[in-house]
Structure formats: C-alpha cells, structure tokens
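A.B. asks: Mind having a look at this structure? Questions to follow.
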Amino acid sequence: MKFSYYFIVLLFLCILSSCNYCESFGSYELGSNLVLLDGDRLEDRIIVRCTNRSSGCCGGGEYILPTYEEHYNLNGKYREYVLQAKSDEKWIIVQTKIIEDDVHRYWFIDKSFSVDSLDCYQVNCSEVILENRFGPFSKSDFSNLIKIKEIQLVFD
C-alpha cells in the first residue's frame with residue numbers, strides 16, 4: 001500500500017516537472033523579460049515587460065504589444081489583441097488582430113535592447129523596448145521584412 005502511494009506521488013511530481021508550470025497559468029516567456037500573457041478571454045492576450053513575478057511566473061507588467069491605448073478603444077472595449085507570438089534568441093514576431101475591422105497586423109521586436117543596467121523608476125524602460133518594436137505591417141510587407149532581416153521564425 002505504501003509503495004503504491006509513493007509511486008503515485010512520484011508519478012505526479014514527474015508529470016508536473018515535465019510541464020511548463022508558468023505556461024499552465026497563461027504566462028509564456030519570450031525572452032528579454034517580455035512575456036505573452038493569456039487571460040480569461042482570447043482578447044486579453046498581450047505582451048508585457050514583466051514587472052510582477054510570483055513563484056517565477058509573470059503575473060503582470062507594462063504593456064508592450066498592444067500598448068494599453070491599442071488594446072482598448074475609447075469606450076474601454078477590447079480593440080486589439082495578440083493572436084500569436086514566436087521568439088528566438090534575437091527576435092519576437094507577433095500577429096495581432098483589430099477586432100472591429102477583423103484586420104491582422106504584424107510586428108517584430110528586436111531583442112538586442114537591454115534595460116538591466118537602467119533604473120526603471122528613473123527611466124521609462126518600456127520606452128526603450130518600444131523603440132525596438134517595429135510595425136504594424138501588412139502580411140506581405142512583414143514577410144518581405146523578415147526575409148531581409150533573416151528572421152527564421154514563422155507563424156503556423
């Protein structure tokens with residue numbers, strides 16, 4: 001009986017450790033302290049500069065894509081959200097959707113920036129990141145740009 005109990009606990013721990021703990025809570029690391037956050041709705045999906053970590057997972061931060069003003073319209077309703085994001089060591093590519101017009105927009109973020117040496121209370125670190133955010137682009141312009149920049153990431 002004790003053996004089966006320990007076996008079940010061990011099996012549970014193995015399964016838990018093989019899964020990405022943060023992703024199960026809707027927090028997807030993209031690198032350079034940028035995180036794709038899911039919410040209760042698809043329209044909640046945003047990329048943030050993480051400023052609120054709990055148990056190693058990002059729970060919130062400063063809007064990067066879409067910005068707060070891009071995410072909501074003047075009436076406080078959802079306007080734009082992230083459909084998908086992919087990253088590698090140098091780049092993040094992002095596809096967003098504008099809800100009203102059913103338009104897809106494309107972006108990329110150059111991760112060569114660094115805010116590690118900055119005091120983000122004195123300097124607006126999000127502005128540094130936004131200077132490395134490029135877009136929006138149409139799908140064809142985006143496809144051409146990622147070829148020119150030799151970005152190896154592609155959307156599904």
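A.B. asks: For region 20-148, report the % of Cα-Cα distances exceeding 25 Å.
C.D. replies: 23
A.B. asks: Compute the distance from the alpha-carbon center of region 109-148 to that of region 31-55, in whole Å.
C.D. replies: 16
A.B. asks: Give me the number: length gained by fully extending Leu74 to Ser117, i.e. 0.36 nm times residue separation minus the C-alpha to C-alpha distance, one decimal in nm.
C.D. replies: 11.9 nm
A.B. asks: Under 20 Å from a point placed 7 Å out from the Cα of Ser138 along the Cα-to-Cβ direction: which residues of region 90-112 have their backbone N that close?
C.D. replies: The answer is 94-108, whose backbone nitrogens lie closer than 20 Å to the label point.
A.B. asks: Measure nothing but the geometry: give the 0 to 90° angle between the long axis through the Cα atoms of 139-148 and the longest principal axis through the Cα atoms of the chain, rounded to 10°.
C.D. replies: Long axis of 139-148 versus the principal axis of the chain: about 80 degrees.
A.B. asks: Hey, with R₀ at 30 Å, roughly what FRET efficiency would Leu83 and Asn124 work out to, going by the Cβ-Cβ distance, to 0.05?
C.D. replies: 0.65
A.B. asks: Additional query: Order of Ile64, Ile98 from fewest to most other C-beta atoms within 10 Å?
C.D. replies: Ile98, Ile64
A.B. asks: Treating the angle as unsigned and between 0 and 90°, give the value, to the nearest 10°, between the Cα long axis of helix 2-18 and the longest Cα principal axis of the chain.
C.D. replies: It works out to around 10 degrees.
A.B. asks: Could you put Arg45, Arg79 in order, starting from the residue whose Cβ has the fewest other Cβ atoms within 10 Å?
C.D. replies: The fewest-first ordering by Cβ neighbours comes to Arg79, Arg45.
A.B. asks: Sequence-distant or interchain residues sharing an amide H contact under 5 Å with Tyr72, placed H: which?
C.D. replies: Sorted by chain and number, the residues that satisfy this are Arg79, Glu80.
A.B. asks: State the extension gain, in nm to one decimal, for the chain segment bounded by Val103 and Asn52, taking 0.36 nm per residue of separation less the distance between their alpha-carbons. It would help to have the intermediate numbers written out before the result.
C.D. replies: On the way: separation 51, 0.36 × 51 = 18.36 nm, distance 3.11 nm.
Extra length available between Val103 and Asn52 comes to 15.2 nm.
A.B. asks: Quick check on the chain: helices-only [θ] at 222 nm, where DSSP H runs of length 4 and up contribute -39,500 (n - 2.57) each and the sum goes over total residues. Nearest 500, please.
C.D. replies: -7000 deg cm²/dmol
A.B. asks: Give me the base-10 log of I(q)/I(0) for region 31-96 at each q in 0.13 Å⁻¹, Debye formula, one uniform scatterer per Cα, rounded to two decimals.
C.D. replies: -0.35
Bear in mind that the values in this text are calculations on the coordinates, not laboratory data. From a predicted model like this one, the values you see are computed outputs, not experimental measurements. Ideal geometry is used to build each Cβ from the backbone, glycine not excepted, and the neighbour counts take in all protein chains shown.
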